[in-house]
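Here's the structure we're looking at; comments come further down.
The values are calculated or read from the model by the stated rules, or taken from the named source; none is laboratory data. Predicted, not measured: the structure shown is a model, and the values here were computed from it. Cβ coordinates were reconstructed from backbone atoms using ideal geometry, including for glycine residues, and neighbour counts include every protein chain displayed. SASA here: full protein model, heavy atoms, side chains in, ligands and nucleic acids out. Shrake-Rupley method; radii C 1.70, N 1.55, O 1.52, S 1.80 Å.
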Amino acid sequence: MKKIVKNSILLLTIAMVFVACDDFIEDDISSDRINLLAPANNTTTVQLTHTFWWDWLDGAEMYNMQVVEGTFSSVTKFLLDTTISTNKFEYTLYPGSFQWSVRGLNNGSETYFTTFNITVDSTLDISSLQVVL
């Protein structure tokens, strides 16, 4: 009887260890992709402040967001590199061409960056121009 109880306790302990391991094993998100939502790719706008927004990614605990003036392959100015736990981030730009990118992170893996372009064009705002009649 003691042997059955010991075996049962041993089997129960082993089963609990395997079930509890799921809490420590992170999902592998390295082949997943972040779906950027706004501002849309290749947006041209006069608006300076933008809410950058993307879909939640299952398995990602944090997001790394970067913004550069120019492109990531030819950076004029590195403006932002932040890690956040939400899927929205508000940031103010100035007139120029920019790229923004986001990747998902957890303790075990990370996705590749997904990148969009945005242009802030102050010449589109004609409210300050004087019309000569």
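Per-structure values
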{"item": "Selected residue (only one of Ala60, Ala40 is among the small types (Gly, Ala, Ser) and under 12 Å from the mean Cα position of the chain (by Cα))", "result": "Ala60"}
{"item": "When residues of the stretch 47-67 are limited to those that are part of a loop (DSSP other than H, G, I, E, B) and open to solvent by less than 70 Å² (accessible area, probe 1.4 Å), the one nearest to Asp27 (Cα to Cα)", "result": "Gly59"}
{"item": "Lone unmet requirement of (1) open to solvent by 60 Å² or more (accessible area, probe 1.4 Å); (2) closer than 30 Å to Asp27 by Cβ for Ser97", "result": "(2)"}
{"item": "Pair list, Cβ < 6 Å and 6+ apart or interchain, from the stretch 51-72 residues that are over 14 Å from Leu105 (Cα atoms) to residues that are of a type in the set (Ser, Thr, Tyr) and open to solvent by 70 Å² or more (accessible area, probe 1.4 Å)", "result": "Glu69/Thr76; Gly70/Thr76"}
{"item": "Of the criteria (1) of a type in the set (Gly, Ala, Ser); (2) loosely packed, with under 12 Cβ neighbours inside 10 Å; (3) at positive phi, which one Gly70 fails", "result": "(2)"}
{"item": "Tyr91 vs. criteria open to solvent by less than 70 Å² (accessible area, probe 1.4 Å), farther than 28 Å from Ser122 by Cα and in a strand (DSSP E or B)", "result": "no"}
{"item": "Residue in the stretch 32-46 that is most open to solvent (accessible area, probe 1.4 Å), counting only those that are closer than 15 Å to Tyr63 by Cα and not acidic (Asp, Glu)", "result": "Arg33"}
{"item": "Any hit, the stretch 74-85, residues being aromatic (Phe, Trp, Tyr), open to solvent by 20 Å² or more (accessible area, probe 1.4 Å) and without any contact (Cβ under 8 Å) to a residue 24 or more places away in the chain", "result": "yes"}
{"item": "Of all residues in the stretch 102-124 being among the hydrophobic types (A, V, I, L, M, F, W, C) and outside any strand (DSSP E or B), the one that is modelled with the highest pLDDT", "result": "Phe113"}
